[in-house]
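Take a look at the structure set out below.
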Amino acid sequence: MTWRELLEIKIADRGQAAVARELGYSATTLSLVRRDKYPAGIEQIAARVLDLYGEVDCPFLGHSIQAEPCRRISHGPVPTSNPKAIQHWSACQSCPHFKGAKP
């Protein structure tokens, strides 16, 4: 799925203003991007959409998960009370999707 498709799905679900807030852009910016009228490059917006709403194949779980929960688990504190969560977090630290930097 392309970043534009992801963007349109999220806007249809949550509304343009809410998605703009989640992405860190104004609703006007998203409106211009959607109409191909944005005067600047859209690479950063596209990357943010994929980063927030895209999916990654989780080797630990064996299926795709959204990028945000992936980042939250991999960059979060070490879980201490759930053995499965500890295993998952540990697997994340050597995962090819792990970027090594806080979001």
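What are the pairs with Cβ atoms under 8 angstrom where one residue, in segment 10-23, is not assigned by TED's automatic domain parsing to the domain that holds Ala67 and the other, located anywhere, is hydroxyl-bearing (Ser, Thr, Tyr) and assigned to a helix (DSSP H, G or I)? Sequence gap at least six, or different chains.
Every condition considered, the pairs that remain are Lys10/Tyr53; Gln16/Ser31; Ala20/Thr29.
Any residue at all in segment 50-71 that's among the polar types (S, T, N, Q), over 19 Å from Thr2 (Cα atoms) and outside the structural domain of Trp3 (by TED's automatic domain parsing)?
No; the residues of segment 50-71 include none that is among the polar types (S, T, N, Q), over 19 Å from Thr2 (Cα atoms) and outside the structural domain of Trp3 (by TED's automatic domain parsing).
Which one of Leu6, Leu30 is of a type outside the set (Gly, Ala, Ser) and modelled with pLDDT of 95 or more?
Leu30
So, of the residues in segment 72-81 that are in contact with a His (Cβ under 9 Å, 6 or more places away or on another chain) and not aliphatic (A, V, I, L, M), which turns out to be nearest to Trp3 (Cα to Cα)?
Ser74
Quick one: which of Val19, Val33 is assigned to a helix (DSSP H, G or I) and touching a Lys or Arg at 6+ places or on another chain (Cβ under 7 Å)?
Val19
Okay, residues lined up against (1) among the hydrophobic types (A, V, I, L, M, F, W, C); (2) part of a loop (DSSP other than H, G, I, E, B); (3) surrounded by 14 or more Cβ atoms within 10 Å (Cβ to Cβ):
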residue: Leu6; (1), (2), (3): yes, no, yes
residue: Ala40; (1), (2), (3): yes, yes, no
residue: Val49; (1), (2), (3): yes, no, yes
residue: Ser81; (1), (2), (3): no, yes, no
residue: Ser94; (1), (2), (3): no, yes, no
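Quick one: Tyr25 ticks every box in (1) part of a loop (DSSP other than H, G, I, E, B); (2) out of contact with any Phe, Trp or Tyr (no Cβ under 7 Å at 6 or more places or on another chain); (3) surrounded by fewer than 16 Cβ atoms within 10 Å (Cβ to Cβ) except a single one, so which number is it?
(3)
So is Arg35 out of contact with any Ser or Thr (no Cβ under 8 Å at 6 or more places or on another chain) and within 17 Å of Ile9 (Cβ to Cβ) or not?
Taking the combined requirement at face value, the residue does not satisfy it.
The values are calculated or read from the model by the stated rules, or taken from the named source; none is laboratory data. Just so we're clear, the structure is a prediction, and the values are computed from it rather than from any experiment. Glycine also receives a Cβ, built like all others from the backbone with ideal geometry; neighbour counts cover every protein chain displayed.
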